[in-house]
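Heads up: the structure comes next, in structure tokens.
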Amino acid sequence: MSSKPTSLFDKVWDAHVVRSIADGPDVLLIDRHFIHEVTSPVAFLGLKTRNLGVMFPDRTFATADHNTPTINQHLPVADPLSANQLKALEENTSSYGISHWGLGNPKNGIVHVVGPENGITLPGMTIVCGDSHTSTHGAFGCIAFGIGTSEVEMVLSSQCIMQPKAKKMRINVNGNMSKGVTPKDVVLYIISKLTAAGATGYFVEYAGSVFENMSMEGRMTVCNMSIEMGARGGMIAPDETTFNYIKGREKAPKGQAWDDAVAYWKTLKTDEGVVFDKEYNFDGADIEPMITYGTNPGMGMGISQLIPTAADIDAGKASFAKSLQYMGFTESEPMLGKKIDYVFIGSCTNGRIEDFRAFASVVKGRKKADHVTAWIVPGSHVVEAQIREEGIYDILIEAGFELRQPGCSACLAMNDDKIPAGKYAVSTSNRNFEGRQGPGARTLLASPLVAAAAAVTGIVTDPRTLIA
Amino acid sequence: MAYDKFTVLTSSAVPLPIENVDTDQIIPARFLKATKREGFGDNLFRDWRYNGDDTPKQDFVLNNAIYSGKILVGGKNFGSGSSREHAAWAIYDYGFRCVVSSFFADIFKNNSLNIGILPVQVSEDFLDRIFKAIEADPQTQLEVDLSKQTITILSTGDSESFDINSYKKHNLMNGFDDIDYLQAMKEEISTFAQNSRY
């Protein structure tokens, strides 16, 4: 054992390097591979073309989520192209012996919700998926990141990918967060400070009391959006909160294996004295509920602030102007009070039970604003069941909302859940790119609390004015 | 999927001087429903390129006949967002073999290299000089020499070198890919995997 202090990232990465290529990438063993219907078909086609098999079918898990409908899931999928992708996933997984939680399966849901929910995601793993929000699983102290379809084919055929090791960044947030400030606000705040490209080339570790005190759901929200500042991924050292979350889940270790696993997981933390390539420190007390005003997730601001001017931020003037023009906003005006048309709560960012509890805490005893269309989409059937068991469903119905069925839904609008052109949506998802939620749609990213406040008032509202 | 070997590319270039061009712009999600790698070039930059009624937007650069070539020159932080390799496929299928920017998003860069597109990262100053040269003369020829790792504006001789690791360079110059490499070390992987914790 070297006495050199080692980071969490290095500990996990180094344990998975099969071979290092001089002036080239590392060959990295992947412990768990998630696939879905959109980014896997061409990879399976590649296997057939090259006459390759799947090396470890029991290390890959499939779920259908990206283009599934969120109503009437018991009926055949109407869109023939979506139906074709779902059928391809079913056939491909069946022919290679891969676990598949398709539409109608009680374990179906968004890939980054069902992985942790079923104990597939465990500390110290390497996890990949053809989806950039795979960074979510970093909440468990995993190295988890999104890959392209060529890499999906690599993992299927060899359980490895080839990537150069990223640089290391640590982001420390300490201090007390005030009322109404959620994990989503923390990560939107960080991205607004670093910009949408500020962590490109880095793997981020989040540290400090704000993350230590955060639930696993909250940590997943934070790690989920690491990619939105360009980071390869983000991770948080596992602790008792992590172990308590995992314990008893279906695929979690049991008995002696559990004790052995926990003993190992406790070693997964950054040693004293590690020097990071870049390190940032923020004070949790500086963070207020956040909202985005532009067309990338770095264009976020405290909800009570004014939209910045091009001179205030580090971006090209033309791109900034193009962004505000798309949104229909002008520099130096407030976001508070702006009329909104849609509210979307769900996605791999904020589609877990804690998010619906937060939403319900605001809408309870209030009514949905008449002109607002709200799509409330649980991240999985398990979350949906919890919503019903905990009485959240009754609160939603009482307030004039409906609950839809699980899926990625309006986060990327591959299915019918599209925000119409020109309309404003307060969305708990992760991207406010032009057209992300439908051609011409205008997205305001925010927390479940801000989404709830907008849903009941019909305008951008500071949730702190509505909560006790 | 096999791709054309990359050695020296001399071509005019298409300028797209916008920062943070994300993969949802390169190929919107609603065009990701194929189960084969076909036809993605038709939907490259779909919503910037076409109106809602599928008529071309005349002010978008791909609809301007004076710009053409196998090199796409984009603003800073090109390819951010989703991991969809479809973005790289769309660029390749449209006919580009090289994308130049002052900064690339990681996953897009990996995806490009994996399918035979060379991402060339240049300084912001040099990027600016390329845009100016194309503005002055849309037929400006750029020469990208992978072997020498240089990009040159031929009319002025203005040149800059770029980084690429020797493994990926070797792959691109020979049309190899990572899957070939990994298949050749299956036994080593198998032994490693049997001893792994998970």
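Every number in this text was worked out from the coordinates using simple rules, so none of it is lab data. On a predicted model such as this, the values are computed, not experimentally measured, just so you know. Glycine gets a Cβ as well: all are built from the backbone with ideal geometry, and neighbour counts include every protein chain shown.
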List the trypsin sites (Lys or Arg not before Pro) in segment B:114-164 that DSSP assigns to loop (not H, G, I, E or B) and whose Cβ has at most 16 other Cβ atoms within 10 Å. Which are they? B:148
Starting from the Cα of residue B:60, step 7 Å along the direction of its Cβ; do the same at residue A:4; then give the gap between the two resulting points in nm. 4.9 nm
Can you run phi through the Karplus equation (6.51, -1.76, 1.60; θ = phi - 60°) for segment B:75-90 and list ³J(HN,Hα) in whole Hz, with x for Gly and Pro? x, 4, 6, 6, x, 6, x, 4, 7, 3, 5, 3, 5, 5, 4, 4
Residue-normalised 222 nm signal for chain A, counting each DSSP H run of n ≥ 4 as -39,500 (n - 2.57), nearest 500 deg cm²/dmol, is -9000 deg cm²/dmol
What per residue convex hull volume, in Å³, do the alpha-carbon atoms of segment A:154-248 yield? 123 Å³
Past 19 Å, Cα to Cα: identify those pairs from A:339/A:367; A:107/A:364; A:165/B:169, in the order given. A:107/A:364
Using only the alpha carbons of the protein assembly as shown, what is the convex hull's orientation-averaged projected area in square nanometres? 27.7 nm²
Which percent, to the nearest 5, of DSSP beta bridges fully inside chain A are antiparallel? 25 percent
Ranked packing of A:189-196, A:110-117, B:22-29, most packed first, by mean Cβ within 10 Å: A:110-117, B:22-29, A:189-196
State the three equivalent ellipsoid semi-axes of segment B:148-198, derived from the C-alpha gyration tensor as the square roots of 5 times its eigenvalues, in descending order and whole Å. 39, 12, 6
Would you mind telling me the antiparallel percentage of the DSSP bridges in segment A:8-163, rounded to 5? 35 percent
At what distance in nm do the modelled label points of residue B:51 and residue A:421 sit from each other, each positioned 7 Å from its Cα along Cα→Cβ? 0.9 nm
Too long at a 29 Å Cα-Cα cut-off: which of A:167/B:33; A:167/B:168; A:87/A:251? A:167/B:33
Lys/Arg Cβ at +1, Asp/Glu Cβ at -1, dipole of chain A taken about the Cα centre: which of A:97, A:46, A:301 is farthest positive-ward? A:46
How far is it, in nm, from the label point at residue A:84 to the one at residue B:5 when both lie 7 Å from their Cα along the line to the Cβ? 3.5 nm
With contacts defined as alpha carbon pairs under 8 Å and 6 or more residues apart, what's the relative contact order of chain B in percent? 25 percent
Dipole in debye (nearest 20) - chain B, about Cα centre, beta carbon charges: Lys, Arg +1; Asp, Glu -1: 440 debye
So which aspartates and glutamates can residue A:11 reach, going by Cα to Cα under 12 Å and dropping same-chain residues fewer than 8 places off? A:271
Let me have the relative contact order for segment A:8-163, percent, based on Cα pairs under 8 Å that are six or more residues apart. 33 percent
From Cα coordinates alone, what are the radius of gyration and Dmax values for segment A:67-212 in angstrom? 18.4, 52
Looking only at other chains, what is the average number of their beta-carbon atoms within 10 angstrom of each beta-carbon in A:195-205? 3
Kindly work out what percent of the DSSP beta bridges joining two residues of segment A:290-465 are antiparallel, to the nearest 5. 35 percent
Working from the pairwise distances between different alpha carbons, so that the mean of 1/r is found and then inverted, what is segment B:14-127's Kirkwood radius in Å? 14.0 Å
Which FRET efficiency value, to the nearest 0.05, do you get for residue A:281 and residue A:75 by plugging their Cβ-Cβ distance into 1/(1 + (r/R0)^6) with R0 = 51 Å? 0.45
For segment A:290-465, diffusion coefficient by Stokes-Einstein and Kirkwood Rh (Cα), 37 °C, 0.692 mPa s, µm²/s: 204 µm²/s
Divide the volume of the convex hull of the Cα atoms of segment A:1-119 by its number of residues and quote the answer in cubic angstrom per residue. 159 Å³
Let me know the whole percent of all Cα-Cα pairs from segment B:1-46 that are separated by more than 13 Å. 70 percent
Tabulate in residue order the Karplus-calculated ³J(HN,Hα) for segment A:412-420, using 6.51 cos²θ - 1.76 cosθ + 1.60 with θ = phi - 60°, rounded to whole Hz; enter x for Gly and Pro. 10, 6, 7, 8, 7, 7, 10, 7, x
222 nm mean residue ellipticity, helices alone, for chain B (DSSP H n ≥ 4; -39,500 (n - 2.57); rounded to 500): -8500 deg cm²/dmol
Quick one: compute the contact order of segment A:290-465, relative version, from alpha carbon pairs under 8 angstrom and 6+ residues apart, as a percent. 28 percent
Express in whole angstrom the spacing between the alpha-carbon centres of segment B:124-198 and segment A:276-303. 34 Å
